[in-house]
Each structure stands twice: as C-alpha cells, then as structure tokens.
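Step one of this worksheet: look at the structure below.
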Number of protein chains: 2
Amino acid sequence: MSQAAVWNPYVRDCPTRQVLDRIGDRWTVLVVGTLADGPLRYSEIAERVDGVSQKMLTQTLRALERDGLVTRTMFPQIPPRVEYELTEEGRSLGEPLAVLEHWATTHIETILRARESYDATSRPVGQSTS
Amino acid sequence: MSQAAVWNPYVRDCPTRQVLDRIGDRWTVLVVGTLADGPLRYSEIAERVDGVSQKMLTQTLRALERDGLVTRTMFPQIPPRVEYELTEEGRSLGEPLAVLEHWATTHIETILRARESYDATSRPVGQSTS
DNA sequence: CTGAATCCGTAATGATACTG
DNA sequence: CAGTATCATTACGGATTCAG
C-alpha cells in the first residue's frame with residue numbers, strides 16, 4: 001500500500017520532479033511527439049506544432065538537446081539546414097508518455113464532469129468571489 | 001512506428017495536455033504522493049510536503065478536489081479538522097506516475113551527465129553569454 | 001532557413017498578515 | 001486548525017527585430 005515510496009520523496013530535486021519540470025512545460029511533449037516519426041527540420045517542426053513561437057521552439061529544442069534526448073545535426077549549406085532527431089533515450093520517453101496519455105484519455109471525461117459539478121456548487125478555484 | 005498518433009494531436013486542449021497542466025505544476029504530484037498512504041489533515045500534508053506555502057497547498061488541494069481526484073471531509077469541531085483523501089480515480093493516477101517515476105530514476109543519471117557535457121562545450125540554454 | 005536578442009504583458013508563486 | 005486576502009516578485013510566453 002505504501003505506494004508513496006515508489007515515486008517517493010517530497011523533495012524538490014528528486015528525479016521525478018526534474019523530469020516533470022522538463023516535460024511539464026507547454027511544448028516539450030508536443031515536440032517529442034512530433035519527432036516520434038523521424039527526424040525533422042526546424043521549420044517542419046514549427047509548422048506541425050501549432051502555435052509555437054520561434055523562441056519557445058528553439059528553447060525547447062535546446063533543452064532537449066542538452067538533456068541528450070534530441071540530436072541536432074547541422075548541414076553547412078546555403079540556406080542552412082538543421083535536422084532534429086530523437087535519441088534512443090528520447091524515444092524511450094514515449095513509453096511513460098503513452099501510459100500517461102492512456103490514463104488521460106480514459107479519465108478526462110470523468111474529470112471534466114467532476115469540474116462541472118464542482119463549479120456548479122462551489123466557488124471558483126483560484127479566484128475570489130469579489 | 002507512428003507512435004505519435006498515440007498521444008497524438010498537437011492541439012492545446014487534448015486530454016494529455018490538460019492532464020499535464022494539472023500534474024505538471026510543482027506541487028500536485030507531491031501532494032498526491034503524500035496522500036497515497038491514506039487520508040491526511042491539512043496540516044499533516046503541509047508538514048510533509050516540504051516548502052509548500054499555505055496558498056499553494058490550498059490551491060493544489062482545491063484543484064484536485066475539483067477534478068474529483070481528492071475528497072475533502074470537514075469535521076465541524078473546534079478547532080476545525082479537515083481531512084483529504086484520494087478518490088479511486090486519484091489513486092489510479094499512481095500508475096502512470098509510477099511509470100514516469102521509473103523512467104525518471106533510470107534515466108536521470110544519463111540526463112544529468114548529458115547536461116554537464118553540454119554545458120561544458122556549449123552556451124547556456126536560456127541565457128545570453130553577455 | 002535557423003536562429004539570437006530584446007521588450008513587455010500576464011500568470012504563477014511566495015511571503016506575510018489576518019480570520020472563523 | 002484551516003484557511004483567506006493582499007502584496008511583491010518572478011517566471012513564462014509571445015511579438016518583434018536583427019543576423020549568419
């Protein structure tokens with residue numbers, strides 16, 4: 001029953017927290033998902049990940065590269081061509097994400113309904129009634 | 001190979017994104033982990049989740065309650081006593097989190113080393129060198 | 001094309017003081 | 001005890017501009 005010990009300690013810098021800090025942001029998961037099918041160029045990723053700005057895409061890609069989850073290959077051409085590809089480790093991240101995805105899809109309905117009924121009877125979560 | 005289709009579309013409000021928005025914040029996972037062993041009072045959670053402020057703890061618990069992942073039981077006493085407990089659905093969240101935790105613990109070393117070597121040869125990710 | 005650098009508004013978070 | 005209210009600070013994200 002003591003399942004807490006599994007994903008454990010309530011410290012800020014435990015592995016799980018660090019990983020969540022990486023994938024918890026708005027773009028990382030989408031970028032990793034886009035790259036799941038194979039290497040892509042910067043502009044190709046940009047057009048597939050709807051709504052991402054250059055800044056955030058570059059930032060996300062850099063962070064993934066830094067963590068060894070994505071490789072960046074530059075082709076010295078004019079115009080320049082840069083390809084990004086998931087590393088073996090990056091691909092392995094697909095498994096936990098798939099599990100999470102499965103949980104999400106099977107529970108989102110219930111969650112949404114819970115929210116509705118909660119909002120119908122209680123106050124908003126983060127605001128005052130003013 | 002087309003694993004991307006599993007956790008799928010690059011839209012902002014897909015189930016996975018919504019769930020990540022919930023568990024991606026700094027405290028939710030810690031609170032859920034704390035409650036995994038059984039119901040706790042507000043103050044008991046507060047002292048176990050190191051560093052959480054009253055504001056964030058309340059906010060996190062409200063959000064979890066709103067989503068039907070946690071129940072809030074108030075005992076009309078002086079002084080007041082409030083207990084929080086994971087719902088069945090809340091407990092089921094433990095599985096995907098455990099998978100994520102497993103991935104995190106088995107890869108964090110590699111990631112950390114990748115970061116070191118990256119930082120040693122490249123520029124910082126989010127800053128300028130100035 | 002692939003970024004880097006900068007500015008700026010908003011949202012998230014934390015510290016603190018106060019209340020039923 | 002279990003919150004709420006308020007304020008200060010910071011982090012995040014987007015738009016824009018410039019460059020190799």
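Every number in this text was worked out from the coordinates using simple rules, so none of it is lab data. Computed from a predicted structure; not experimentally measured. Don't worry about glycine lacking a Cβ; one is built from the backbone with ideal geometry, like all the others, and counts go over all protein chains shown.
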*Rg over Rh [alpha-carbon atoms, Kirkwood Rh] for the stretch A:3-121*: 1.07
*Taking H placed 1.01 Å from N in the peptide plane, check which residues at least 5 places from B:Val70 or on another chain put their amide H under 5 Å from its amide H.*
B:Glu65, B:Thr87
_Where rotation carries A onto B, the chain A residue whose Cβ is nearest that axis, in whole Å_ = A:Gly24, 1
*Separation between the A:Gln54 and A:Arg91 pseudo-spin-labels, each 7 Å from Cα along Cα→Cβ, expressed in nm?*
3.2
*A:Gln77 label points, 7 Å along Cα→Cβ, one per copy: pairwise distances from this copy to the rest in nm, shortest first?*
7.2
*Among A:Pro79, A:Thr106, A:Gly68, whose Cα sits farthest toward the positive end of the charge dipole of the stretch A:68-117 (+1 at Cβ of Lys/Arg, -1 at Cβ of Asp/Glu, about the Cα centre)?*
A:Pro79
*Which far-off residues, 5 or more places away or on another chain, put their amide H under 5 Å from the one on A:Arg81, with H placed in the peptide plane?*
A:Phe75
*In nm, to one decimal, how far is the A:Ser117 label point from the B:Thr121 one, both placed 7 Å along Cα→Cβ?*
5.6
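Report, in debye and to the nearest 20, how large the dipole of the stretch A:3-121 comes out about its Cα centre when Lys and Arg carry +1 and Asp and Glu carry -1 on their Cβ. Can you show the working numbers first?
Working: 14 positive and 18 negative charges, 74 e Å.
Rounded to the nearest 20 debye, it is 360 debye.
If R0 is 35 Å, what FRET efficiency do you get for B:Thr106 and A:Ala46 from their C-beta distance, rounded to 0.05? The partial results should precede the final answer.
On the way: r = 32 Å, r/R0 = 0.91.
The formula returns an efficiency of 0.65 here.
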